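Student: Okay, here's the structure, questions in a sec.
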Amino acid sequence: MFRITQYMQTLLSPSPVPPARKPPGPVVIWNLIRRCNLTCKHCYSISADVDFPGELNTRQVIDVMDDLKQFRVPVLILSGGEPLLRPDIFEISRHAKQQGFYVGLSSNGTLINDDNIQQIADIGYDYVGVSLDGIRETHDRFRQKPGAFDASLYGMELCRQHGIKVGARFTLTQDNSHELEPLLDMIAERDINKFYLSHLNYSGRGNRHRKHDVFHQTTRKAMNRLFERCWEELQQGIVREYVTGNNDADGPFLLQWARRNVPEQVDALRQRLINWGGNSSGQNISNIDNEGNVHPDTFWWNYHLGNVKDEPFSTIWSRNSDPLMAGFRMKPRPVSGRCGRCQYLNICGGNTRVRAYQLTGDPWAEDPACYLSDEEIGLTAEQTQTRIPLPAHSGSAHNRPNQRIHTRTLE
């Protein structure tokens, strides 16, 4: 997650750059259930409104949670499907809070209503995130359910009225990029605490729809608008959390924005971004799916590291024998192509590896969604014209997608 507001606050009110923080354990995004009352076009878990077999029961969830606590996991994001469809969601949530985790609830918002809002408030969730895909017509089309937008907004308003920190998550695609500005206006008008722009990742339904992913220029335009909005609000004394995810080129892009707007703070910002380090899949971010399978993050559902029904998460996550995980934990990561030659590799960490994996079968190939130009990342004209062969994927056969390795010309 890239915290725009946090970095812009340091540009507005400079302070000494602290040393890099090392979290005690990974953030765990936990898909407790795959069932969902919606069928969103970009869903990475390919959920549906049916029961899925093999999901962890309450006792298993509690046992895993106790292991996570012992392993010093600081944050649990309870997700789905739609987590509010689990009959035991509040029992699980109460145990998580009692254990001292920072607990987030990731919901589509439609099931937050007058009947359960007090239970939600009593849990004391640290944050409730609700996905929005634009304004009413666009959102309902993406969610494939009329009335979803109004129901989600009502759920968010109930959270706000009950003192629960609530935010909107917006997955940017070519089909809804025009809705960013009115959505930002709506967030401001309703005094929503947080706005999370998620770049489309190639996984699940998102993978099948990647031809609708935004063009690089559209991404740049959206990011510039987000920077401008955040900067304008901070100058007015409004502190709203603007964050992004799934494209770590956002860090170098902010550095370029700062070079144009607050050049005297560029060196300090660069060091802060280096300390951040970019993509943390397989390091500080992890995922447990509804069946208990452990993944490097939520977009690696076709790559299993082990199952918490068979062995503790702490054991699975501590192993370095898996070639993908070993690569994730290398500094720098063994990336190739534009990513391997990029001057910002120590900031973005090679960006989101799953896109390269889905496209080429090689997790270390260049990220096709990097929206910085060759000139911006420091490539020479000669390097730009060079055809770079993508190395063979080193992962185990059962995790390898049925795709062909190929070469491509850098553009």
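The values are calculated or read from the model by the stated rules, or taken from the named source; none is laboratory data. Note that this is a predicted model, so its numbers are computed, not measured. Here the Cβ is made from the backbone with ideal geometry for all residues, glycine too, and neighbour counts use every protein chain on show. SASA here: full protein model, heavy atoms, side chains in, ligands and nucleic acids out. Shrake-Rupley method; radii C 1.70, N 1.55, O 1.52, S 1.80 Å.
Student: Report yes if TYR303 is crowded, with 17+ Cβ neighbours inside 10 Å, of a type in the set (Phe, Trp, Tyr) and over 22 Å from ILE33 (Cβ atoms), otherwise no.
Tutor: Criteria not met by TYR303.
Student: Considering only residues that are within 30 Å of GLN217 (Cβ to Cβ) and not in a loop (DSSP other than H, G, I, E, B), which ones fall in the range 124-147?
Tutor: Matches in the range 124-147: GLY129, VAL130, SER131, ARG136, GLU137, THR138, HIS139, ASP140, ARG141, PHE142, ARG143.
Student: May I pose another question? Please work out which residue is nearest to the chain's Cα centre (by Cα), limiting yourself to the range 118-128 and to residues that are open to solvent by 10 Å² or more (accessible area, probe 1.4 Å) and not acidic (Asp, Glu).
Tutor: Out of the qualifying residues, it is TYR127.
Student: Please go through (1) touching a Phe, Trp or Tyr at 6+ places or on another chain (Cβ under 7 Å); (2) modelled with pLDDT under 95; (3) not in a loop (DSSP other than H, G, I, E, B) for ASN201 and return the number of the only condition it doesn't satisfy.
Tutor: (3)
Student: With within 24 Å of LEU180 (Cβ to Cβ), of a type in the set (Asp, Glu) and either crowded, with 22+ Cβ neighbours inside 10 Å or modelled with pLDDT of 95 or more (or both) as the only criterion, which of ASP297, ASP289, ASP250 stands out?
Tutor: Just a single option satisfies the conditions, and that option is ASP250.
Yes/no per residue for (1) farther than 26 Å from ALA369 by Cβ; (2) of a type in the set (Gly, Ala, Ser); (3) open to solvent by 30 Å² or more (accessible area, probe 1.4 Å):
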{"position": "GLN236", "(1), (2), (3)": "yes, no, yes"}
{"position": "THR244", "(1), (2), (3)": "no, no, no"}
{"position": "SER281", "(1), (2), (3)": "no, yes, no"}
{"position": "ILE285", "(1), (2), (3)": "no, no, yes"}
{"position": "TRP317", "(1), (2), (3)": "yes, no, no"}
{"position": "MET325", "(1), (2), (3)": "no, no, no"}
{"position": "ARG338", "(1), (2), (3)": "no, no, no"}
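Student: Another question, if that's okay. List pairs: first in the range 228-257 and within 19 Å of THR171 (Cα to Cα) and assigned to a strand (DSSP E or B), second among the hydrophobic types (A, V, I, L, M, F, W, C) and open to solvent by less than 20 Å² (accessible area, probe 1.4 Å), Cβ under 6 Å, 6+ apart or cross-chain?
Tutor: Listed pairs, sorted by first residue: TYR242/ILE4; TYR242/PHE195; TYR242/LEU226; TYR242/CYS230; THR244/PHE2; THR244/LEU197.
Student: Follow-up. Which of the residues that make up the range 70-123 are part of a helix (DSSP H, G or I), within 16 Å of ILE33 (Cα to Cα) and acidic (Asp, Glu)?
Tutor: Matches in the range 70-123: GLU91 only.
Student: For the range 224-248, enumerate the residues that are under 20 Å from the mean Cα position of the chain (by Cα) and more than 17 Å from ARG355 (Cβ to Cβ).
Tutor: ASN224, ARG225, LEU226, PHE227, CYS230, ARG240, GLU241, TYR242, VAL243
Student: Please specify each residue of the range 168-195 satisfying the condition of being in a strand (DSSP E or B) and either within 18 Å of ALA151 (Cβ to Cβ) or open to solvent by 40 Å² or more (accessible area, probe 1.4 Å) (or both).
Tutor: ALA168, ARG169, PHE170
Student: Being at pLDDT below 95 and of a type in the set (Lys, Arg), is that true of even one residue in the range 157-169?
Tutor: No, the conditions are met nowhere in the range 157-169.
Student: Another one. What helices (runs of 4 or more DSSP H) lie completely within the range 304-388 and have 2 or more residues being of a type outside the set (S, T, N, Q) and farther than 30 Å from MET65 by Cβ?
Tutor: 337-341, 345-348, 353-360, 381-385
Student: Looking at the range 138-146, is at least one residue surrounded by 16 or more Cβ atoms within 10 Å (Cβ to Cβ), modelled with pLDDT of 95 or more and on the phi < 0 side of the Ramachandran plot?
Tutor: no
Student: Among the numbered conditions (1) open to solvent by 30 Å² or more (accessible area, probe 1.4 Å); (2) within 18 Å of PRO87 (Cβ to Cβ); (3) modelled with pLDDT of 95 or more; (4) assigned to a loop (DSSP other than H, G, I, E, B), tell me where PRO18 comes up short.
Tutor: All conditions are met except number (2).
Student: With LEU68, LEU38 as the choices, which residue is aliphatic (A, V, I, L, M), at pLDDT below 95 and open to solvent by less than 50 Å² (accessible area, probe 1.4 Å)?
Tutor: LEU38
Student: Among SER152, SER93, which is at pLDDT 95 or above, surrounded by 22 or more Cβ atoms within 10 Å (Cβ to Cβ) and farther than 30 Å from MET223 by Cβ?
Tutor: The unique qualifying residue is SER93.
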